Structure formats: structure tokens, C-alpha cells
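Here's the structure we're looking at; comments come further down.
The values are calculated or read from the model by the stated rules, or taken from the named source; none is laboratory data. This structure is a prediction, so every number in the text was calculated from the model and none was measured. Don't worry about glycine lacking a Cβ; one is built from the backbone with ideal geometry, like all the others, and counts go over all protein chains shown. Only protein heavy atoms, including side chains, enter the accessible area calculation; ligands, DNA and RNA are left aside. Shrake-Rupley method; radii C 1.70, N 1.55, O 1.52, S 1.80 Å.
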Amino acid sequence: MADYRSPLLDRPGAVAADGIDAGIAWHYGNPLGEQRAADTTAVLIDRSNRDVLLVPGPDRLGWLHAITSQHFESLTEGASTESLVLSPNGHVEQHWNVTELGGQIWIDTEPGAADEVLGYLLKMRFLKQVEPAIVTAAFAVLSVVGPSAPLVLAASGLPVPADAAVPLADGGLVRAVPRGFDVIVPRADLQRIADAVIAAGAVPAGSWADDALRIVRRQPRLGVDTDHRTIPHELAWIGTAVHLDKGCYRGQETVARVQNLGKPPRRLVLLHLAGESEQLPPPGSPVERDGRVVGFSGTAAHHYEYGPIALAVVKRGIGAQDVLSVGGQTAALDPDDAEFVPVEGFAGHRA
């Protein structure tokens, strides 16, 4: 939505984010404390700038199975997963979070991506009985994250799903995701539900905290941690967003070739920045070794424990011994990313 401004920006201490997350809070006055709360108790993250689409219709599962990277035919009621749309050459064009519930597929995707998603779906519809539509104006995404998230949901009056997503009485849903829950709510109820979750004990947290914790998890965002050449193996989307045990789809040849060789040309890593400057490198900054470009940086943030960190996509051969530079700052790979590990085959859905 153009010029979107979340009502949660009216909360005390709120500082607006910019860039891809314009319209929601960057933080609420204590960004490092918000990160700590996400690791120790629970936080409410406003993600209401994300786009939401619905795909009803009896042909939806088989149709989406044929035109995306995910195994939609095996999705059961309440199941949630991720999916990609690839170019004919296997480059990532779209990334979706999806849930099958109540005879329709819910899709939420990056802010501003709805028109591209809907355009692709309509182009590929042919004679299928499906009616994809953008519903961002009617529904918004919130996330409740942290070890106390189930208790907070219950205390706020929201259902606490175990494995399968559950519907909300007035529309929307609650689904379990790694480290917490996504709550897709009627946009008219956004303020009320957010207030209830915060009153139940969740700390309001902004995109700064969300980004910092996402970097540690090596969880990329399309358009921030990707470029026009990104393929799924480079970002560990095999198994979560790409199913290896399904029929043909656009871009599958590249997926199969890289999977069989086990050697994507680049890989996603976590960089520790030396902190010569308080200014973090913007997404797309070149990562250099000995003056030669070996990759690019993506999301960067100050973490409450690790200091300045960033995601980056670098050449496969970059290792712990390499002294790197990004945005004029010295950088080094996190020890857990010191060596390239081939992606193992996986044919399941995200929990």
C-alpha cells in the first residue's frame, strides 16, 4: 500500500523505519532491549506493511503445485509453508509464506510485491477454477515471537495453534512459525489485537530487532538479501521453500542441476563487522577481498550481543581465513559459516 502508516506508530517512543519497511516502527525507543526480550520473553512485531493475497477455488492446490517450487498438492488443512516463483533460468523472482485454511490459500509476501504476485497468478490461470485477489487492505500481519509467545497469545484471548493454523472468528488466522506465531488479523482489528497482545506481556518491537534476530538465524528477505542472480541453493531455501520431490515447474532444471552437483556458486553467510563506523553498509554494498569484489551485503543491524552484523552472499570459496571489507569496514565470517557445507536433499514442508 502506497504511503502506508501503521497505527502502531502512534505508540510511545515509536521511531519510523525507512526503506522496504517504511510505514512501520524501526524501534520503540529501546532497540537492544527489544531484541533481548525476543530471546527471553516475548515481543510483538508489527509486520502490517506486508502484502496479503487469497487464492480460493477448487483447482488451487494442483494449480499452484504446477507453477511454483512447493508441493502444494500435499498441503493439508491448516498446513503452512513457503514457496518461490523462479525464472526460467532458476533465479528467484518471488517468495511467499503460504497457509491452506478454509478452502483457500493465504499468501503473505514482501511489501509492495502484491501486484507482481497477482500478475503472475493471473497470467498462469488459464482455465483453472481459481480467483486470486489482493486483500492487503482488509488484512494485516503481526508476529508474536519468543519463548513466552504461547502464554502471551493465550492471555490475550487468541488461539494457540500446535501444528495446524487455526482461523480467527472475524477472519484471518494464527499459525505457528519458527520461534513464535504469525497472526493475520482483519485490518480494522489491528490496533485492538496489538493492544491486547502487549497488555498480555509482549514487548512491542520494531524492524531493527526483527532484522538483527533474523540475521543471526540466517533468514534472508527477498529484495534485501538477494539480487537478480540469486538461486534457491544460495540462500538455503531448499527444503523450506523448494520441494525436491515433485513434478516440473519453471526453473526446476537449475534446481536439479545444482542439487545433483551440490555446488551453488555463492552462499549466504553472517558477517561480523569491525565497527570502524557507526554507519552500517546499505543492502547491495560490495563485499571485497584484497580489493576484488567477492559478493554483496544484505541486511545489517546492531545486535544486542554481537554488535554490528550483516548477512551477505559471497563466493563459495570464501572462508574463515579471509579478511573482508564491506562499506569501508573490515568484516569476517561467523565461525559457523567458515566452511562451505553442501545442501542435503530434503522433501518436506516447514513446520
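Points to keep in mind about this one:
- With one equal scatterer per alpha carbon and no solvent term, the Debye-computed log10 I(q)/I(0) for the stretch 133-230 at 0.18 1/Å reads -0.92.
- Reduced Cα scattering model of the stretch 248-323, Debye log10 I(q)/I(0), q = 0.11 Å⁻¹: -0.37
- Accessible surface area normalised per residue over the stretch 76-231 is 38 Å², counting heavy atoms of protein chains with a 1.4 Å rolling probe.
- Here the stretch 142-234 is assigned +1 on the Cβ of each Lys and Arg and -1 on the Cβ of each Asp and Glu. Its dipole about the Cα centre then comes out at about 120 debye.
- Fraction of accessible area attributable to carbon and sulfur, the chain (%, probe 1.4 Å): 54
- Note on the chain: dipole from Cβ charges, positive end direction compared against ALA301, LEU333, ILE24; the farthest Cα belongs to LEU333.
- In a reduced charge model with +1 at each Lys and Arg Cβ and -1 at each Asp and Glu Cβ, the chain shows a dipole moment near 600 debye about its Cα centre.
- If the convex hull is drawn through the Cα atoms of the chain, its volume per residue in Å³: 127
- ³J(HN,Hα), Karplus 6.51/-1.76/1.60, whole Hz, each residue of the stretch 96-110, x for Gly, Pro: 10, 9, 9, 9, 9, 7, x, x, 8, 9, 8, 10, 10, 9, 4
- Helical content alone sets the calculated 222 nm signal of the chain at -5500 deg cm²/dmol, taking -39,500 (n - 2.57) per DSSP H segment of four or more residues and averaging over every residue.
- Per-residue Karplus couplings for the stretch 269-275, computed as 6.51 cos²θ - 1.76 cosθ + 1.60 with θ equal to phi - 60°, are listed in order as 9, 9, 9, 9, 8, 5, x Hz, Gly and Pro entered as x.
- Once the mean of 1/r is taken over each pair of separate Cα atoms and inverted, the stretch 90-159 shows a Kirkwood hydrodynamic radius of 14.8 Å.
- Counting every C-alpha pair in the stretch 147-302, the share spaced more than 27 angstrom apart comes to 45%.
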